[in-house]
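What follows is a set of notes on a single structure, which appears directly below.
The values are calculated or read from the model by the stated rules, or taken from the named source; none is laboratory data. Since this is a predicted model, take the numbers as computed values, not measurements. A quick note on method: Cβ atoms are made from the backbone with ideal geometry, for glycine too, and the neighbour counts reach across all protein chains shown.
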Amino acid sequence: MAILNVNPTRMELSRLKKRLATASRGHKLLKDKQDELVRQFTLLVKENQRIRKEMEATLQQSMAEYVLASSSIPDHVLQEVFSIPLHQVSLDVQSKTIMNMEVPVLNEVYEEELSADRFSYGFVSTTSELDQSLSHLDSILPSMLKLAEIEKTCQMMAVEIESTRRRVNALEYTTIPQLTETITFIERTLGESERSNLTRLMKAIDVIEANE
């Protein structure tokens, strides 16, 4: 590891020791941040897997019920069923802070109060399988938004973890070793200079005493 190009003086030595102390504190803080980010990232990944598994199971069940319903309901009836929505839903995007990062919070917002009717169609020409299929699809909307929220948060965390890791490695393997070696070099140089000055002083004293 190459030392820094500095003058080997006591003032420079004091300045570098302060830099080393600051770098060491920064390294510890960044390492703690990295560990906490990894911990929260792991928890989010597990939560993501759980929600995705539940949502995929609900979707599979809903699709199976829809296929069964569509096999006994004429196409024009299905078109009428889906032509008029019962509710209008919009997306509300907010944010929250995790480890100084702004991450999204997604919520569904219904344009009007939910009515007592669960479906926008009559039951004469439809089947219970269609009702069940649409009920399952309606129930997974919060899970879909939560899943999107978690996946976006995980993406942002992965970028932040990588950035923090690079900064930790730069301090651990470059900055701190360079400062440490430079401080050692200056201390060694100053020590040698002091010993040389002491030797010259002793010789000068010997000369003075010899001439008296």
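Could we say that L190 is over 30 Å from N100 (Cβ atoms) and touching a residue at least 24 places away in the same chain (Cβ under 8 Å) here? Quick ask: steps written out before the conclusion?
Values: over 30 Å from N100 (Cβ atoms): yes; touching a residue at least 24 places away in the same chain (Cβ under 8 Å): yes.
It is true that L190 is over 30 Å from N100 (Cβ atoms) and touching a residue at least 24 places away in the same chain (Cβ under 8 Å).
Quick one: would you say T175 is assigned to a helix (DSSP H, G or I), among the polar types (S, T, N, Q) and either over 16 Å from K31 (Cα atoms) or in contact with a strand residue (DSSP E or B) (Cβ under 6 Å, 6 or more places away or on another chain) (or both)?
Working: assigned to a helix (DSSP H, G or I): yes; among the polar types (S, T, N, Q): yes; either over 16 Å from K31 (Cα atoms) or in contact with a strand residue (DSSP E or B) (Cβ under 6 Å, 6 or more places away or on another chain) (or both): no.
Judged against the criteria, T175 is not a match.
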For E209, only one of the following conditions fails: (1) surrounded by 11 or more Cβ atoms within 10 Å (Cβ to Cβ); (2) at pLDDT below 95. What is its number? (1)
Those residues that are under 13 Å from the mean Cα position of the chain (by Cα) and among the β-branched types (V, I, T), I need them from segment 21-40; list them, please. V38
For segment 57-111, give me the residue count where each residue is in contact (Cβ under 8 Å) with a residue 24 or more places away in the chain, closer than 30 Å to K31 by Cβ and not in a strand (DSSP E or B). 1
